[in-house]
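Below is one structure, written out as structure tokens; comments come after it.
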Amino acid sequence: MKIGIIGSGHVGLVTGACFADLGNEVICMDHDIAKIKLLKRGKALFYEPGLRELVQKNMSKGRIHFTTSISDTVRFAKVIFLCVGTPPKANGEADLAAIQRVAEAIGRNLNGYRLIVEKSTVPVETGSRIYKMIAENCARKISFDIASNAEFLREGSAVKDFYSPDRIVIGVESAKAKSLLLQIYKPFKVPILITDVKSAELIKHAANSFLAMKISYINLMSQICEKVGANVEKVAEGMGGDHRIGKAFLNAGIGFGGSCFPKDLSAFIAITERLQIPSDLLKVVVAINESQQKYFLMKAEQGLEKIKGKKIALLGLSFKPDTDDLRNAPAMDIAEELKAKGARLIAYDPCAMPAAKKLLKGMQFAENAYEACRDADACFILTEWREFRELDLKRLKKLLKHPIVIDGRNIYDPELMKKNGLRYYSIGRREV
Ligand code: UDX
């Protein structure tokens, strides 16, 4: 299949590379000239395990090309995936300006049947808006279809998630669109749900908001656990053992971040408000997420007696492991708060430091976790990178000026920390 990808960010590039690797001919378009130049040279735009190798392999086989030309993309591809950003506007609504620009350009360049597929997360009813924009900009009456095929991949495991999703959701309004998408997804041996475009659009927002709700729910439990001396991990295990609830996304911590959950929740709230449906449930999910960071800082303040003047080692800055993405990263907010309270910060992140150096001013960076902890008054674990799970605890204790570890991701067994002479504070578990 000849496939066009418009928007070569995280979702677009992973989608394009994986489709190419499945034997399709792919053209990835982006209006950012610098980005396309880098991609043409086989360089990575961001850290995503396995992606650079996949792009290079398919470039050498001539199955993936890069361009800044939307007209070349529309002329080349039979199926065009829209992967442009839909960032939040000041009022929380998804900003569809990029979608609009692209839809209008597709309309101007249409020269035969095309299937245009929404891959970015968009508000319900965007499909009909795209249809109108394309039709209005098309000089002749040319038939085309709109479909919705949201992507559920997670950063850090995007390539793996793309190849083995739990399910594929396809929203279509015509037999032709359905048949084209089924052809593209033929190699995937996973359930495929076929529905109408609006339901498919809603599924993405509904799924992400639900996952965020699970996280806020367990974070609320963690606060209750701390008050009564219970253990949130056991509570999560007991809850998750019920297959109707499930174990996933019940890890208490410092709250969710990233480019999707916060943005999708605010867009979904805006949608429910537009439809005059109460959105209190979704708003509470956001409020608990914000309170969880404050709660963590309060705990840190208690553990350290006061923050001002303390030297604090921060382990982890990205919003989750295996990515250098700092968007809405709880660690970044916590770093700013600690700085404002007068702490001296020294941070280490395996991947995100180049980006963090540009954003966090007045802060030191270390070459590794141990260097960050040298002579520090406390060590804060803010992202659960694998290497932080495997620290030499005896060495850590020796390096720290005061043996205090405040863990926002619950990656250590409190008893083990105690045995190693560390005072350990975690989330929803008793301090030791
Ligand atoms: C999410 C969705 O999972 C994915 O399906 C969608 O396509 C894009 O948005 P992503 O943002 O990459 O993916 O990360 P995810 O692994 O879902 O984690 C999001 C945030 O939730 C992270 O900050 C993570 O630390 C936090 N989280 C996750 C928890 O705090 N607890 C959990 O149990 C799980």
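Return the pair list, or none, for Cβ contacts closer than 7 Å from residues in region 148-160 that are closer than 14 Å to F188 by Cβ and assigned by TED's automatic domain parsing to the domain that holds R129 to residues that are charged (D, E, K, R) and within 8 Å of the ligand (Cβ to nearest atom), at least 6 apart or on different chains. Listed pairs, sorted by first residue: F152/D161; L153/D161. Condition first: modelled with pLDDT of 95 or more and hydroxyl-bearing (S, T, Y). Can you find one or more residues in region 307-326 that meet it? Looking through region 307-326, at least one residue is modelled with pLDDT of 95 or more and hydroxyl-bearing (S, T, Y).
Residues in region 225-249 that are touching a residue at least 40 places away in the same chain (Cβ under 8 Å) and in a helix (DSSP H, G or I): C225, E226, V232, E233, V235. Can you say whether K132 is in the same structural domain as L13 (by TED's automatic domain parsing), exposed (fewer than 15 other Cβ atoms within 10 Å of the Cβ), closer than 23 Å to L96 by Cβ and without any contact (Cβ under 8 Å) to a residue 60 or more places away in the chain, as far as the supplied structure shows? It is true that K132 is in the same structural domain as L13 (by TED's automatic domain parsing), exposed (fewer than 15 other Cβ atoms within 10 Å of the Cβ), closer than 23 Å to L96 by Cβ and without any contact (Cβ under 8 Å) to a residue 60 or more places away in the chain. Within region 226-249, the set of residues being away from the ligand (no atom under 15 Å from the Cβ) and either closer than 23 Å to E337 by Cβ or at pLDDT below 95 (or both) comprises E226, K227.
Quick grid of which residues meet (1) in contact with a Gly (Cβ under 7 Å, 6 or more places away or on another chain); (2) within 24 Å of R114 (Cα to Cα):
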| site | (1), (2) |
| --- | --- |
| M1 | no, yes |
| A20 | no, yes |
| V26 | yes, yes |
| K35 | no, no |
| K40 | no, no |
| L54 | no, no |
| K57 | no, no |
| K61 | no, no |
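Screening A252, A212, A177, A207 for residues that are among the small types (G, A, S), touching a residue at least 12 places away in the same chain (Cβ under 8 Å), surrounded by 13 or more Cβ atoms within 10 Å (Cβ to Cβ) and more than 12 Å from the ligand (Cβ to nearest atom) leaves exactly one candidate, A177. Of the residues making up region 62-85, those that are touching a residue at least 12 places away in the same chain (Cβ under 8 Å), surrounded by fewer than 23 Cβ atoms within 10 Å (Cβ to Cβ) and not in a strand (DSSP E or B) number 10. Of the helices (runs of 4 or more DSSP H) entirely within region 125-203, none holds at least 2 residues that are modelled with pLDDT under 95 and farther than 30 Å from A352 by Cα.
Taking the listed residues A347, A343, the one that is more than 27 Å from the chain's Cα centre (by Cα) and either within 13 Å of I307 (Cα to Cα) or not assigned by TED's automatic domain parsing to the domain that holds F256 (or both) is A343, with no other qualifying. Say whether the condition of being within 16 Å of the ligand (Cβ to nearest atom), under 25 Å from D95 (Cα atoms) and in contact with a Cys (Cβ under 6 Å, 6 or more places away or on another chain) is met by at least one residue in region 148-156. Checked region 148-156: no residue is within 16 Å of the ligand (Cβ to nearest atom), under 25 Å from D95 (Cα atoms) and in contact with a Cys (Cβ under 6 Å, 6 or more places away or on another chain).
Note on region 255-266: among residues that are touching a helix residue (DSSP H, G or I) at 6+ places or on another chain (Cβ under 7 Å) and assigned to a helix (DSSP H, G or I), the one that is nearest to the ligand (Cβ to nearest atom) is F261.
Among strands (runs of 3 or more DSSP E) entirely within region 287-396, having at least 3 residues that are touching a residue at least 60 places away in the same chain (Cβ under 8 Å) singles out 311-315, 378-381.
The values are calculated or read from the model by the stated rules, or taken from the named source; none is laboratory data. Since we're looking at a predicted model, the values are computed, not measured. A quick note on method: Cβ atoms are made from the backbone with ideal geometry, for glycine too, and the neighbour counts reach across all protein chains shown.
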